[in-house]
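Reviewing the structure listed below.
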Amino acid sequence: MKTATAAPPGGAPATAPRRVRRHLPTSPWLFLAPGLLAVTAFSLAPFLLTVGNSFTDNRTLVPGGFVGLANFRELLHDEMFWTGLRNSALYVLVTVPLLVLLPLLLAVLVQRHIPGITFFRAAFYTPVVASVVVVGLIWSWLLDDRGLVNGILEALGAGPVGFLSDPWLLLLSAMLLTVWKGLGYYMIVYLAALTSVPRELHEAAAVDGAGAVRRFVTVTVPALRNTMVLVAALSSVSAFKVFSEVYLLAGENGGPAGEDITLVQLVQQVGTGLNGRVGYASALSVVVFVVTLGLMLLVLRANRKEDA
């Protein structure tokens, strides 16, 4: 016969202790499994396969053998590799400072609450959502020898300019396309960061007699330094791996005599086709990865030095 549980004096009857559920140590991994499988299948496995192929002479339809560092030694004597490295480095040097500063200026301007500012925000962000192929074709039509820009220049008596035939002008046109298409994206990043800047700092600087430019330099820029480092890191990696803009404006050969080819475009040119040199293209891809990783580390190290 069961005995009733005695109730404490002056209180409710005591309840039975709850059982503590023990979770298996594999439970967190079950939640992580889908993401880990996707990363392994679409990122880690192709990366390891590329590294492995870089030490072989594999071709598209013909498996090769192990050649060691032969592909990397060939890179040092490949003129197209040095041309692509030069163009990719120039792309970073020109576009990154513009993509760090210009979106910040735009964000400061469109942050103001004035009538019609929503239209300008949408207008600046429109190139981001537009297809890069469509944008590239429009720019190629505009900058063609018989395009709209040269038609206006001829009407003004300036004569046609070889935007797509001169190697340096073609590379500069691709850089401007990259900057124009990326302005809206980084503007949104800065807009989100500007909300965390204390308004009291601007008011205190205004009381001290600081104008708009001085407040921007002494208050806004220091407060957004970490965001500027993030933008610099993202834009430098994106600029070094540029492909679509140059490909659409310069063509698959990289402009006249291949003078405007970039490293990523060289990878596509060498590694595709029925006789594509998969091993050599993999070695080029490894170099691109090492350089982009180095850019990231340089930006982060520079930021740490400023924090120290």
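On the principal axes of its alpha-carbon atoms, the chain has extents of 105, 70, 40 Å, going from largest to smallest. Scanning residues 5 or more positions from residue 56 or on other chains, those with amide H under 5 Å from its amide H are 67, with H placed 1.01 Å from N in the peptide plane. Rolling a 1.4 angstrom probe over the protein heavy atoms with all chains in place gives the chain an accessible area of 63 Å² per residue. Dipole size of the chain about its Cα centre, with +1 on Lys/Arg Cβ and -1 on Asp/Glu Cβ: approximately 1960 debye, rounded to the nearest 20.
How would you rank 116-127, 132-143, highest first, on the average number of other Cβ atoms within 10 Å across their residues? Each step should come with its number before you reach the end.
On the way: 116-127: 13.1, 132-143: 15.9.
Those peptides, ordered most packed to least, come out 132-143, 116-127.
For region 152-248, just say rounded, prolate or oblate: build the C-alpha gyration tensor, square-root its eigenvalues into a ≥ b ≥ c, call rounded for a/c under 1.5, and beyond that prolate if a/b exceeds b/c, oblate if not. Write out the running numbers ahead of the final one.
Numbers: a/c = 3.90, a/b = 1.90, b/c = 2.06.
Oblate is the answer for region 152-248, as a/c is 1.5 or above yet b/c matches or exceeds a/b.
Spin-label model, residue 82 to residue 49: label points 7 Å out along the Cα-to-beta-carbon direction sit 3.4 nm apart.
Order the peptides 95-106, 50-61 from the highest to the lowest mean number of other Cβ atoms within 10 Å of their residues. Please report the intermediate quantities before stating the final value.
Values: 95-106: 19.4, 50-61: 17.4.
For the peptides 95-106, 50-61, the packing ranking is 95-106, 50-61.
Given R₀ = 51 Å, what would the calculated FRET efficiency be for residue 196 paired with residue 141, taking r from the Cβ atoms and rounding to 0.05? Once rounded, the FRET efficiency stands at 0.75.
Work the Kirkwood hydrodynamic radius out for region 186-302: mean of 1/r over every pair of different alpha-carbon atoms, inverted, in Å. It would help to have the intermediate numbers written out before the result.
Working: mean 1/r = 0.0572 Å⁻¹.
Value: 17.5 Å, from the Cα pair sum.
Between the residues 279, 117, 84, the greatest Cα displacement towards the positive end of the dipole of the chain, with unit charges on the Cβ of Lys, Arg, Asp and Glu, is found for 117.
The string of couplings for region 45-60 from the Karplus curve (6.51, -1.76, 1.60, θ = phi - 60°) is 4, x, 5, 5, 5, 5, 4, x, 5, 5, 9, 10, 10, 4, 10, 4 Hz, one whole number per residue in order, with x for Gly and Pro.
If R₀ is 41 angstrom, what is the calculated FRET efficiency for the pair residue 61 and residue 293, using the beta carbon separation as r and rounding to 0.05? Walk me through the numbers on the way to the answer.
Values: r = 32 Å, r/R0 = 0.77.
E between residue 61 and residue 293, to the nearest 0.05, is 0.80.
Projecting the Cα atoms of 100, 303, 264 onto the charge dipole of the chain, computed from C-beta unit charges around the Cα centre, puts 303 farthest toward the positive end. Phi-derived couplings, Karplus 6.51 cos²θ - 1.76 cosθ + 1.60 at θ = phi - 60°, listed residue by residue for region 186-200: 6, 4, 5, 4, 5, 4, 5, 6, 5, 5, 8, 7, x, 5, 4 Hz, with x used for Gly and Pro. Counting every pair of alpha carbons in region 96-189, the share spaced more than 15 Å apart comes to 67 percent. Heavy-atom surface analysis with a 1.4 Å probe gives region 70-115 a carbon and sulfur content of 73 percent of its accessible area.
For residue 212 and residue 27, calculate 0.36 nm times their separation in residues minus their Cα-Cα distance, and state this gained length in nm to one decimal. Kindly include the intermediate steps, with their values, before the conclusion.
On the way: separation 185, 0.36 × 185 = 66.60 nm, distance 5.49 nm.
That pair, residue 212 and residue 27, stretches by 61.1 nm at full extension.
Counted residue by residue at 0.36 nm each, then reduced by the alpha carbon distance between them, the extension gain from residue 122 to residue 72 reaches 13.4 nm.
In order along region 269-284, phi translates into HN-Hα couplings of 5, 7, x, 10, x, 5, 10, x, 8, 5, x, 5, 5, 5, 5, 4 Hz, rounded to whole numbers, per the Karplus curve 6.51 cos²θ - 1.76 cosθ + 1.60 with θ = phi - 60° and x for Gly and Pro.
Taking a ≥ b ≥ c as the square roots of the eigenvalues of the Cα gyration tensor of region 36-113, is the shape rounded (a/c under 1.5), prolate (a/b larger than b/c) or oblate? Here region 36-113 falls in the oblate category. When the chain is treated as a GNM with alpha-carbon contacts under 10 Å, the residue of 249, 37, 49 showing the greatest mean-square fluctuation is 37. A dipole drawn for the chain from +1 and -1 charges on Cβ atoms has a positive end, and of 71, 131, 211 the residue lying farthest that way is 211.
Quantify, in whole percent, the carbon and sulfur part of the accessible surface of region 152-308 (1.4 Å probe; protein heavy atoms only). List each step's numbers first, then the result.
Details: 5090 of 8070 Å².
Carbon and sulfur: 63 percent of the exposed surface of region 152-308.
Can you work out the FRET efficiency for the pair residue 105 and residue 131, with r the C-beta to C-beta distance and R0 = 25 Å, to the nearest 0.05? Please report the intermediate quantities before stating the final value.
Numbers: r = 26 Å, r/R0 = 1.06.
In this case the efficiency is close to 0.40.
Label-to-label distance for residue 165 and residue 203 is 6.2 nm, based on points extended 7 Å past Cα in the beta-carbon direction. Can you tell me how region 235-308 classifies by the Cα gyration tensor, rounded, prolate or oblate, using a/c under 1.5 as the rounded cut? Judged from the Cα gyration tensor, region 235-308 comes out oblate (a/c at least 1.5, b/c at or above a/b).
The values are calculated or read from the model by the stated rules, or taken from the named source; none is laboratory data. Nothing here was measured: the structure is a model prediction, and the numbers come from that model. All Cβ positions, even for glycine, are placed from backbone atoms using ideal geometry, and neighbour counts span all protein chains on display. Note: accessible area is taken over every heavy atom of the protein model, side chains too, but ligands, DNA and RNA are not part of it. Shrake-Rupley method; radii C 1.70, N 1.55, O 1.52, S 1.80 Å.
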